[in-house]
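Encoded as structure tokens, the structure appears first; notes follow it.
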Ligand code: OOG
Ligand code: NI
């Protein structure tokens with residue numbers, strides 16, 4: 001009988017394989033990894049309390065491994081198969097993101113591990129978008145795009161066979177896991193030759209660059225892989241100092257004493273040479289711009305109340321900026337000013353129920369009889385010195401930020417309006433599964449830590 005390897009191990013192998021592949025495809029990504037590594041080491045040295053906290057919460061080991069990637073697929077069948085592939089690596093769909101509000105004709109989820117132990121082992125996530133061809137106004141081109149997508153299979157025969165085997169047997173042995181990772185990697189590889197003529201590419205590009213990116217290639221090439229930095233302002237300055245074309249603005253909340261949610265910045269997508277087959281199969285040179293680099297800093301996961309406050313403040317600042325939105329020169333100042341009303345110390349964030357925390361007993365607390373502890377609230381235990389709490393880190397994404405990342409890599413002026421709206425039901429129907437609610441996962445982690453205070 002073969003012993004199965006854990007999904008965490010398969011995910012670890014896959015994340016490493018993706019990183020190695022992307023590093024050889026896009027050398028600038030290697031530069032980013034180095035830069036982030038340097039900044040993280042400096043940040044940990046400069047702040048021993050931060051180092052101790054990351055150590056305590058199992059975040060030190062995962063920090064150097066930590067990445068998210070992004071891909072875009074064209075059909076419900078592709079999305080459904082991806083769900084099965086990622087499930088074998090212990091990654092499940094979490095959160096629904098509607099990007100049409102930002103003029104991008106996709107909706108998305110993130111595949112990621114759900115429980116704390118798996119996140120600590122390797123938090124690799126993939127932001128996965130599904131093209132919404134139904135929003136394309138030109139029926140002839142839409143039909144053409146559908147026909148092109150219907151002809152391709154983005155998975156290798158080996159990958160399909162191993163998915164079926166894993167589902168049937170309940171897992172994969174070590175050798176099969178390695179073969180599985182190698183086969184699945186093929187789906188995300190870059191191809192320097194398109195599957196359509198330059199003319200078709202240009203027509204689809206005219207609808208939206210994203211339509212061309214999804215439809216004209218053999219598969220959903222990974223379009224970025226993002227390491228996690230402990231100091232994104234330092235990383236942004238480091239990118240500029242190295243001559244990387246960083247986007248002007250960091251997406252998300254302003255810099256704060258207690259980092260919340262997610263802050264992200266990226267460098268501009270590369271214009272890459274691509275050849276397009278003409279009617280006789282002769283290759284015509286052209287280019288395509290899709291792949292870029294991104295870094296992110298993660299902070300406290302907010303409760304629904306905290307998130308509402310975040311969304312409201314962000315919307316206020318962006319609306320006040322008018323059409324310039326967050327590209328206005330004074331945006332960073334206005335953002336910081338607006339967020340002055342958002343509490344910025346851990347105790348207040350916790351007491352006001354704005355963020356999720358992980359509680360643990362102190363030595364003094366452990367010396368108190370369990371019966372006495374059971375009668376106390378977590379706050380009372382903290383006041384008595386029996387417990388301490390650390391922020392639970394945000395593991396997900398932000399739709400406004402994601403839209404900003406999409407936009408900055410679609411070339412400045414590309415602004416569309418779609419009179420569409422979120423359609424989570426359609427996304428879940430395509431996926432063949434329901435999406436996990438991120439808030440429920442954080443609440444569960446917090447509750448489990450509170451239960452352990454009383455045990
Ligand atoms: C995904 C953009 C969103 C993020 O970090 O918010 C994203 C894409 O460009 O396909 O990766
Ligand atoms: Ni990203």
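Where a number appears in this text, it was derived from the coordinates with a stated rule and is not lab data. The structure presented is a predicted model; accordingly, all values stated were derived computationally and were not measured. Note that we place each Cβ from the backbone using ideal geometry, even for glycine, and neighbour counts take in every protein chain shown.
Per residue and in Å³, how big is the convex hull formed by the alpha-carbon atoms of segment 147-293?
Expressed per residue, the convex hull around the Cα atoms of segment 147-293 is 186 Å³.
Once you have a ≥ b ≥ c as the square roots of the Cα gyration tensor eigenvalues for the chain, tell me rounded if a/c is under 1.5, and otherwise prolate or oblate according to whether a/b is larger than b/c.
It is prolate, given that a/c is not under 1.5 and a/b is the larger ratio.
Rounded to the nearest 10 degrees, what's the angle between the helix 304-320 long axis and the longest principal axis of the chain, both from Cα atoms, 0 to 90?
60 degrees
Once the piece of chain linking residue 278 and residue 178 is laid out straight, how much longer is it, given 0.36 nm per residue of separation minus the C-alpha distance between them?
Contour length minus the Cα-Cα distance gives 32.2 nm.
Could you order peptides 265-276, 189-200 by the average number of other Cβ atoms within 10 Å of their residues, highest first?
265-276, 189-200
If R₀ is 35 angstrom, what is the calculated FRET efficiency for the pair residue 258 and residue 433, using the beta carbon separation as r and rounding to 0.05?
After rounding to 0.05, the efficiency reads 0.50.
Going by average Cβ density within 10 Å per residue, which order do the peptides 283-289, 67-73, 441-447 take, highest to lowest?
Answer by packing, highest mean first, reads 67-73, 441-447, 283-289.
Quick one: length gained pulling residue 50 to residue 152 fully straight, 0.36 nm per residue minus the C-alpha distance?
This chain segment gains 31.9 nm when fully extended.
Can you tell me how segment 173-260 classifies by the Cα gyration tensor, rounded, prolate or oblate, using a/c under 1.5 as the rounded cut?
oblate
What FRET efficiency would be calculated for the residue pair residue 80, residue 333, taking the C-beta separation as r and a Förster radius of 30 Å, to the nearest 0.05?
Using R0 = 30 Å, I get an efficiency of 0.05.
Hey, what does the equivalent ellipsoid look like for segment 31-167, semi-axes from the Cα gyration tensor as sqrt of 5 times each eigenvalue, largest first, whole Å?
Each semi-axis is √(5λ); the values are 36, 20, 13 Å.
How big is segment 105-225 along each principal axis, measuring the range of its Cα positions in Å and listing the largest first?
So the extents along the principal axes, rounded to whole Å, are 47, 30, 26.
Largest first, please: the extent of the C-alpha atoms of segment 243-376 along each principal axis, to the nearest Å.
Principal axes ranked by extent give 82, 37, 29 Å for the Cα atoms.
Calculate, for residue 61 and residue 101, the FRET efficiency according to 1/(1 + (r/R0)^6) with r their C-beta to C-beta distance and R0 45 Å; round to the nearest 0.05.
Rounded to the nearest 0.05, the efficiency is 0.75.
Per 0.36 nm of contour for each residue apart, how much would the distance between residue 352 and residue 425 grow if the chain were fully extended, relative to their Cα-Cα spacing?
23.0 nm
Under the classification rounded if a/c is under 1.5, otherwise prolate if a/b is larger than b/c and oblate if not, where does segment 22-97 fall, given a ≥ b ≥ c as square roots of the Cα gyration tensor eigenvalues?
The shape class here is oblate.
Using mean Cβ contacts within 10 Å as the protection proxy, how do 426-433, 151-158, 230-237 order, highest first?
My ranking of the peptides, most packed first, is 230-237, 426-433, 151-158.
Given the rule -39500 (n - 2.57) for each run of at least 4 DSSP H residues, summed and divided by the residues of the chain, what is its mean residue ellipticity at 222 nm, to the nearest 500 deg cm²/dmol?
-14500 deg cm²/dmol
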